Amino acid sequence: MMRLELGLAVCVMCLFFLSLTLGPANVPMGDSLRALFDDGFGPLSLVMQEIRLPRALLAIIVGAGLGLAGAAMQGYLRNPLAEPGLIGVSSSAALGAVLAGPRGGALTLILAGIAISALAGALTSLALNLSPNPFAANEIVFWMMGSLADRSMTHMWLALPFVLVGGGVIAMTARGLDALTLGEDAAETMGIDLSRLRGLIVLGTASIVGGITAVAGAIGFVGLVVPHILRPWVGAQPSRLMWSSALGGAIMVQLADMAVRLILPARDLKLGVVTALVGAPLFLHLIYKTRRELP
């Protein structure tokens, strides 16, 4: 393992233990960690095992999945502005992109994703308008803004298989993404099937983003910010950037989730709001930088 990946992995583990011990009650770190394995601590054991542990694990799973998917999309599109949530790659949008553009290129994928994402947003608004449940607005806000609050081990086990399968599918694209940095013609000359490559990335990203959204809602900008920050450290090698971004994404979501618990803890600040506050300014900076580089 490279030095960068090792440093990121150590940081992920340190933040994991910090997240486990972070809370409103002034409890010694040792007692908190022992309560994970010992039911004799009463309510503290319940809090650690049923609330803090699944939340800390989900932060790693969510961040790693989004970071990996974002790096893969940027590698395929060869565009640092690409991000799964921004181009509409959710389970439904990815399916539509595959059906609408089996012979298309990157532009077809983006346009199909945006169109179906817009349709999904309209259907969400329609569901809100037609719902007889007076609390429907609060529930939809949760899913649209994203949060790890009140998640259990059941949610963790629901998301994990989708993220692992999606990550495995995306791992199969590593050689193709590295070849694609030389251009599509060069990649095809090297024996890369671009249609298969696109299909694997879309399906892997759909699995990851779909699994995460199903338990934590929509959490944006992680897949945009993390690869952009780490790219100078790995050079023009998308295959390495993907795994670095997975670790970096876990770090970003862990930090964002801890910020949610420290900033206005009584107001239920959503995780997606924090990631957007960090990611949106960087996205605008990237747009400005890209525009200046155009001839």
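The values are calculated or read from the model by the stated rules, or taken from the named source; none is laboratory data. Just so it is clear, the structure is predicted and the values come from calculations on it, not from any experiment. Positions of Cβ are generated from backbone atoms using ideal geometry, with glycine treated the same way; all protein chains shown enter the neighbour counts. Remember, those area values only see protein heavy atoms, side chains included, never the ligands or the DNA or RNA. Shrake-Rupley method; radii C 1.70, N 1.55, O 1.52, S 1.80 Å.
Mind listing just one residue for me: the one in the range 1-22 that is under 23 Å from the mean Cα position of the chain (by Cα) and without any contact (Cβ under 8 Å) to a residue 12 or more places away in the chain and, of those, most open to solvent (accessible area, probe 1.4 Å)?
Checked the range 1-22; the qualifying residue most open to solvent (accessible area, probe 1.4 Å) is MET1.
As an exercise: evaluate GLU50 against (1) within 25 Å of LEU22 (Cβ to Cβ); (2) in contact with an Asp or Glu (Cβ under 9 Å, 6 or more places away or on another chain) and give the number of the one condition it does not meet.
(2) is the only condition that GLU50 fails.
Considering only the range 193-235, how many residues are under 10 Å from the mean Cα position of the chain (by Cα) and at positive phi?
Total meeting the criteria: 1.
With (1) in a loop (DSSP other than H, G, I, E, B); (2) under 22 Å from MET258 (Cα atoms) as the list, and LEU182 as the residue in question, which single condition is left unmet?
(2)
Answer with yes or no whether SER195 is out of contact with any helix residue (DSSP H, G or I) (no Cβ under 8 Å at 6 or more places or on another chain) and either assigned to a helix (DSSP H, G or I) or of a type in the set (A, V, I, L, M, F, W, C) (or both). So that I can check it myself, show each step before the final result.
On the way: out of contact with any helix residue (DSSP H, G or I) (no Cβ under 8 Å at 6 or more places or on another chain): yes; either assigned to a helix (DSSP H, G or I) or of a type in the set (A, V, I, L, M, F, W, C) (or both): yes.
Yes: the conditions hold for SER195.
Hey, could you check the range 11-32 for residues that are more than 18 Å from ASP257 (Cα to Cα) and out of contact with any Ser or Thr (no Cβ under 7 Å at 6 or more places or on another chain) and say which is modelled with the lowest pLDDT? Show your work before the answer.
Quick first cut of the range 11-32, residues more than 18 Å from ASP257 (Cα to Cα) only: 26-32.
Within this subset, residues satisfying the condition of being out of contact with any Ser or Thr (no Cβ under 7 Å at 6 or more places or on another chain) are 26-28, 30-31.
Details: ASN26: 71, VAL27: 75, PRO28: 76, GLY30: 79, ASP31: 79.
Here the residue is ASN26.
Test TRP157 against the criterion of being surrounded by fewer than 19 Cβ atoms within 10 Å (Cβ to Cβ) and among the aromatic types (Phe, Trp, Tyr), and give yes or no. So that I can check it myself, show each step before the final result.
On the way: surrounded by fewer than 19 Cβ atoms within 10 Å (Cβ to Cβ): yes; among the aromatic types (Phe, Trp, Tyr): yes.
Criteria met by TRP157.
In the range 214-272, how many are in a helix (DSSP H, G or I), hydrophobic (A, V, I, L, M, F, W, C) and either touching a Gly at 6+ places or on another chain (Cβ under 8 Å) or open to solvent by 20 Å² or more (accessible area, probe 1.4 Å) (or both)? First the steps, then the outcome.
Of all residues in the range 214-272, those in a helix (DSSP H, G or I) come to 214-216, 222-234, 238-262, 265-267, 271-272.
From the residues that got through so far, the ones that are hydrophobic (A, V, I, L, M, F, W, C) too are 214-216, 222, 224-226, 229-230, 233-234, 241-243, 246-247, 250-253, 255-256, 258-260, 262, 266, 271.
Subset that is either touching a Gly at 6+ places or on another chain (Cβ under 8 Å) or open to solvent by 20 Å² or more (accessible area, probe 1.4 Å) (or both): 214, 216, 222, 224-226, 229-230, 233, 241-243, 246-247, 250-253, 255, 259, 262, 266, 271.
Of the residues in that region, 23 qualify.
Filter the range 183-194 down to the residues that are closer than 12 Å to TYR76 by Cα and either in contact with a Ser or Thr (Cβ under 6 Å, 6 or more places away or on another chain) or loosely packed, with under 13 Cβ neighbours inside 10 Å (or both) and list them by number. Lay out the reasoning, then the answer.
Filtering the range 183-194 down to residues closer than 12 Å to TYR76 by Cα leaves 183-184, 187, 194.
The one that is closer than 12 Å to TYR76 by Cα and either in contact with a Ser or Thr (Cβ under 6 Å, 6 or more places away or on another chain) or loosely packed, with under 13 Cβ neighbours inside 10 Å (or both): GLY183.
State whether one or more residues within the range 23-41 are under 18 Å from LEU164 (Cα atoms) and open to solvent by 20 Å² or more (accessible area, probe 1.4 Å). If you could, list the steps in order and put the result at the bottom.
To start, the set of residues in the range 23-41 that are under 18 Å from LEU164 (Cα atoms) comprises none.
The answer is no; no qualifying residue exists.
Within the range 261-281, can you find the residues that are under 20 Å from THR21 (Cβ atoms) and in contact (Cβ under 8 Å) with a residue 40 or more places away in the chain?
If the condition is that a residue be under 20 Å from THR21 (Cβ atoms) and in contact (Cβ under 8 Å) with a residue 40 or more places away in the chain, then ARG261, LEU262, PRO265, LEU271 are the ones that fit.
Give me the pairs, please: first residue somewhere in the range 226-239 and within 16 Å of LEU255 (Cβ to Cβ), second residue anywhere and surrounded by fewer than 19 Cβ atoms within 10 Å (Cβ to Cβ), beta-carbon distance under 9 Å, and either six or more positions apart or on two chains.
These pairs meet every condition: ILE229/LEU282; LEU230/LEU4.
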